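Asker: Submitted below is the structure of interest, expressed as structure tokens.
Derivation of every value follows stated rules applied to the coordinates shown; laboratory data play no part. Model, not experiment: these values are computed from the prediction. Every residue, glycine as well, gets a Cβ built from its backbone with ideal geometry; the counts of neighbours run over all protein chains shown.
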Amino acid sequence: MDDDLEAAAASLALDELGADPRVDRCRIYAVGFSSAGYAAWRLAETHSERLAAIVPLAGGAWKDPKCPARRIPVWAFHGARDSVTPLEMSTDMADAFRACGSPVRLTIDPEADHGGILAALESRELYRWLLAQRLERCPEAPAADRVGTRHSNLP
């Protein structure tokens, strides 16, 4: 996907989420497994000001990582026996985000394969950690003309 189109689609998705009055805009998290884990890292690079934290599982980056606009808390998980997404994809991203000043936890399960790392989502500690992550400054609700139109606002 084109970078501009990808960024616009992510922005619209976050607008839709942020427009829902039931959503705490200070506690929006990106959690994803495999290719969605890649997306969580990418969202942190491009929309860190709108995310409280990210949790990529068996994800990485397709190209050189960029520093997020703000320090974003990360708890990444990867299985050491993952034969689909190389472990280095997570370690490289964790190192890059640490170098940018983000607080990063990387949990490597020595026994988990690609799908086995999903067991991390059963951890109460993870959810306690997530709920402790909150944006200091909550984004304003998006303008009405930015939401409810689905993909009509894409470039």
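Asker: Can you pull the one-decimal nm distance between simple spin-label points at Ala119 and Arg98, each 7 Å off the Cα toward Cβ?
Answerer: Inter-label distance under the simple model: 2.5 nm.
Asker: Among all stretches of the chain without exposed GluC sites (Glu not before Pro) (DSSP loop, at most 15 other Cβ atoms within 10 Å), which one is longest?
Answerer: Answer from the scan: 1-110.
Asker: So how far apart, in nm, are the two label points at Ile108 and Ser83 if each is 7 Å from Cα heading toward Cβ?
Answerer: 2.0
Asker: I've got another one for you. I'd like the distance separating the alpha-carbon centroids of region 62-130 and region 19-35, in whole Å.
Answerer: Taking the Cα centre of each part, region 62-130 and region 19-35 sit 18 Å apart.
Asker: A further question follows. For the chain, modelled as a GNM with alpha-carbon contacts under 10 angstrom, which of Pro73, Pro56, Pro65 fluctuates the most?
Answerer: Largest GNM mean-square fluctuation: Pro65.
Asker: Also, I was wondering about something else. Under the rule of at least 5 residues apart or a separate chain, name every residue whose amide H is placed under 5 Å from the amide H of Gly32.
Answerer: Amide H neighbours of Gly32: Val55, Leu57.
Asker: Want the number for Val31 to Tyr127: 0.36 nm per residue separation, take away the alpha-carbon distance, what's left?
Answerer: Computed gain between Val31 and Tyr127 is 33.4 nm.
Asker: So what's the angle, to the nearest 10 degrees on a 0 to 90 scale, between helix 3-19 and the longest Cα principal axis of the chain?
Answerer: 70
Asker: Further question on the same structure: With runs of 4+ DSSP H residues as the only contributors, calculate the mean residue ellipticity of the chain at 222 nm using -39,500 (n - 2.57) per run, divided by the residue total and rounded to the nearest 500.
Answerer: Result for the chain, helices only: -10500 deg cm²/dmol.
Asker: Turning to a different aspect of this structure: Apply the Karplus parameterisation 6.51 cos²θ - 1.76 cosθ + 1.60, with θ equal to phi minus 60°, to every residue of region 65-82 and state each ³J(HN,Hα) to the nearest whole Hz, in sequence, with x for glycine and proline.
Answerer: Working through the residues one at a time gives x, 10, 5, x, 5, 9, 5, 10, x, 10, 10, 9, 10, 8, x, 5, 9, 5 Hz.
Asker: To continue, here is another question. Could you work out the percent of alpha carbon pairs in region 3-135 separated by over 21 Å, rounded to a whole number?
Answerer: Value for region 3-135: 37 percent of Cα pairs lie more than 21 Å apart.
Asker: What are the ³J(HN,Hα) values, in whole Hz, obtained from phi via the Karplus relation 6.51 cos²θ - 1.76 cosθ + 1.60 with θ = phi - 60°, for each residue of region 118-132 in sequence order, with x given for Gly and Pro?
Answerer: Whole-Hz 3J(HN,Hα) from phi for region 118-132: 4, 4, 4, 5, 8, 7, 5, 4, 4, 5, 5, 4, 4, 5, 7.
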